[in-house]
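The values are calculated or read from the model by the stated rules, or taken from the named source; none is laboratory data. Keep in mind the model is a prediction, meaning the values are calculated, not measured. Glycine also receives a Cβ, built like all others from the backbone with ideal geometry; neighbour counts cover every protein chain displayed.
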Amino acid sequence: MNEPLLAVRELGKAFREYRSEWQRFAGWFGFRVSTKSESWVLRDISFSVAPRESIGIVGQNGAGKSTLLKLITGTLKGTTGTVAVNGRIAAILELGMGFSPDLSGRENVYHSAGLMGFSRQAIDDVISEIEAFAEIGGYFDEPARMYSTGMQMRVAFSVATAFRPEILIVDEALSVGDAYFQHKCFKRIREFREQGTSLLIVSHDANAVQSLCDRAILLDSGRLLKDGDPATVMDLYNALIAERENSKITIEQHAVGREQTVSGTGEATVESVSLLNGQGQPIELADVGQSVTLRVTVLACGDIPRLVLGYMIKDRLGQAVYGTNTHYTKQVLVDVKEGTRVQFDVAFDMNIGPGSYSISTALVSTETHLVNNYEWRDLALVFNVSNLSKITFVGQAWVPPAIEVFRL
Amino acid sequence: MKEILAAIWGYRHFIVSSIRNDLRSRFARSKLGALWMVLQPLAQVAIYALVLSRIMAAKLPGIDNRYAYVIYLMAGMIAWSLFAEVVTRSLTMFVDSGNLMKKMAFPRVCLPIIIGGSSLVNNLLLLATAVGVFLLIGHPPTLAMLWLPLLIGINLAFGLGLGLILGVLNVFVRDVAQVMTVVLQLLFWLTPVVYMPTIIPDRLRAILEFNPMMHMVVAFQNVLLYGRAPGMNGLIVLSVASTVLLLFALFLFRRAAPEMVDVL
């Protein structure tokens, strides 16, 4: 089965305004009318989703994420291009739509499943599962107006996911009540994924995108900026949200095959990054628990009133392992003159599990890169950690145990 | 056309449950519940009867029941209430369901069907009550009532056609709904529901002929009050008008559907 599950071709959406609504009406009858203004919220979007593939959709507010999802689910019609879907789409974006406060939970389940196109008989088969999953007890047969928001969400989520769809659209930031139910929901989403459902996840959270998606799509101002592996796309996204006027973003192909993203206004730049062992020699492989020093040299290309270095160790998938900055350590440099070189030596013990890691650096003025981002550099350094001297263990952290065993 | 029918069939469960919910939620938590569905139009009939029966009673020829005017009023009201309910609710259906349409993908054509269905149930209940009242006041049903299913069907189609057109336009120009509330009131008084066409001067009566609802109401009065078949001319005019309106409405709806959500 080579046919994509979802194929979006040159999709564009424009909201049109007419000089008068009469012109709009005339347009329906085949008259040629000129529009007063067209605002394109999406343009030339093309991508496809293979069966079992999961995709993250990221982008700033107003980038066109919701419009894209509405075009995919079919609530909006595209102005140009096509959306071809081979299978059923379910969306957990707007839970509880069409719920009537005077109906009981059970009746609302039948009603909203009907809204999704299911027959009574089909719902009869799963109603007990829905009731069990929602876990709201006797309230299931009480009118929905007596429900708390959380209970309504529980019922709504249970209906929306009662049948496994081919494509599931999830807003990761969606709140489905308490933490317990949230976990239960994501467990179900993962199960769907294992059974072959493709996920379309809208999220701002790098970890969620990287742990759930095979690919990510970055939208910016209605255009598809990047379609690629989640780690690269999230790096670019981070660079993008720090983008200021006259800042530039470059993407360089890195030696290991992943792309390095450098962004920022350029008042300061990282000249070199190296990882040194106890003897001060550069290394690429570190032992678990080894004492190392991360040496970062920075050149000020302009006068900088306040300079903070931040660094982050990321794992192979781009998820943060550890990161901090000199603002938190109260070592902010003030009034750095143009041309000054600064060396930062960050000494730490490599208390992380075996694997491949990368280091991102940030030269900023405060604790976040959102105020003044002089330079943000992803994949500034790539290194490996191996377990050469410690007991065998799995996981991302080295948490040395002292185990005592008593035979009683 | 085929797609529309397929969409309706596919969503039949949703349509049925929406109609049921619509009827239930309208009267949920009221003590008399569904009784209100017939009590309200009956109360209106009672008011008109109380106010106007003295003036109007004498003008009904050929009927020797002393409640003739009440029967006349009810027959007209049954026809008018279905039409008015369908048109009024269709006018704002897309605007009212804007949120739902923006967020869920379902065949939009379900909305007018739901309104038609729920109004029809309402109307049938009113009709059943009316027949009950007729029995009480000594006016047994006649064979002419077999015309009723056809008449109600045409009435529904006419109301839906007009309502759908206006409902679509109202999405883009919200003034339509405001104007129509006034127009509907005017139309009510241009339709012989509470008065007889005979009291209108001939010159003006020619104008009334152009009101399709006049033919509708007269057909109902013929069947329910006089126990005779509706006039063929009126029936043909109505059927043609309903068909044309409904086809035009569907055409307009199909053209407008992709743009509707954009402006909701």
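Miscellaneous remarks
- Region A:80-98 - residue that is assigned to a loop (DSSP other than H, G, I, E, B) and facing chain B (nearest Cβ under 9 Å) and, of those, farthest from residue A:165 (Cα to Cα): A:98
- Every residue from region A:103-140 that is more than 13 Å from residue A:154 (Cα to Cα), within 11 Å of another protein chain (Cβ to nearest Cβ) and of a type in the set (A, V, I, L, M, F, W, C): A:103, A:113, A:115, A:116, A:118, A:122, A:123
- Test result for residue A:329, assigned to a strand (DSSP E or B), surrounded by fewer than 19 Cβ atoms within 10 Å (Cβ to Cβ), out of contact with any Ser or Thr (no Cβ under 6 Å at 6 or more places or on another chain) and not hydrophobic (A, V, I, L, M, F, W, C): no
- Helices (runs of 4 or more DSSP H) fully within region B:73-153 counting 2 or more residues that are among the β-branched types (Val, Ile, Thr): B:110-136
- Conditions (1) modelled with pLDDT under 85; (2) more than 8 Å from chain B (Cβ to nearest Cβ); (3) in contact with a Lys or Arg (Cβ under 9 Å, 6 or more places away or on another chain); number of the one not met by residue A:61: (3)
- Of all residues in region B:31-44, none satisfies being touching a helix residue (DSSP H, G or I) at 6+ places or on another chain (Cβ under 9 Å), within 14 Å of chain A (Cβ to nearest Cβ) and under 30 Å from residue A:76 (Cβ atoms).
- Residues within region B:18-29 that are at pLDDT 85 or above and either out of contact with any Ser or Thr (no Cβ under 9 Å at 6 or more places or on another chain) or under 15 Å from residue A:143 (Cα atoms) (or both), tallied: 0
- Residue under evaluation residue B:189, criteria (1) within 23 Å of residue B:75 (Cα to Cα); (2) of a type outside the set (A, V, I, L, M); (3) surrounded by 13 or more Cβ atoms within 10 Å (Cβ to Cβ), criterion not met: (3)
- Here residue A:305 meets each of (1) crowded, with 17+ Cβ neighbours inside 10 Å; (2) assigned to a strand (DSSP E or B) with one exception, condition (1).
- Verdict on residue B:90 being of a type in the set (S, T, N, Q), surrounded by fewer than 19 Cβ atoms within 10 Å (Cβ to Cβ) and under 21 Å from residue B:12 (Cβ atoms): no
- Looking across A:386, A:365, A:360, one residue alone is touching a residue at least 24 places away in the same chain (Cβ under 8 Å) and under 22 Å from residue A:233 (Cα atoms). It is A:360.
- Single condition residue A:58 does not satisfy, out of (1) β-branched (Val, Ile, Thr); (2) assigned to a loop (DSSP other than H, G, I, E, B); (3) crowded, with 20+ Cβ neighbours inside 10 Å: (2)
- Checklist (1) over 30 Å from residue B:255 (Cβ atoms); (2) exposed (fewer than 15 other Cβ atoms within 10 Å of the Cβ); (3) not charged (D, E, K, R) applied to residue B:75, failing item: (2)
- A count restricted to region A:208-231 and to residues that are in contact with a Leu (Cβ under 9 Å, 6 or more places away or on another chain) and either under 21 Å from residue A:362 (Cα atoms) or among the polar types (S, T, N, Q) (or both) stands at 4.
- Listed by first and then second residue, the pairs with beta-carbon distance under 7 Å, at least 6 apart or on different chains, first residue in region A:18-34 and acidic (Asp, Glu), second surrounded by 12 or more Cβ atoms within 10 Å (Cβ to Cβ) and assigned to a loop (DSSP other than H, G, I, E, B), are A:21/B:173.
- Residues of region A:23-40 that turn out to be of a type in the set (A, V, I, L, M, F, W, C) and within 9 Å of another protein chain (Cβ to nearest Cβ), as a count: 3
- In the set B:114, B:137, only one residue is within 14 Å of chain A (Cβ to nearest Cβ) and out of contact with any Lys or Arg (no Cβ under 7 Å at 6 or more places or on another chain); that residue is B:114.
- Only residues that are assigned to a loop (DSSP other than H, G, I, E, B) and either at the interface with chain B (Cβ under 8 Å from one of its Cβ atoms) or surrounded by fewer than 19 Cβ atoms within 10 Å (Cβ to Cβ) (or both) were counted across region A:64-79, and they come to 4.
- When B:57, B:34 are screened for being at pLDDT below 70 and surrounded by 13 or more Cβ atoms within 10 Å (Cβ to Cβ), only B:57 passes.
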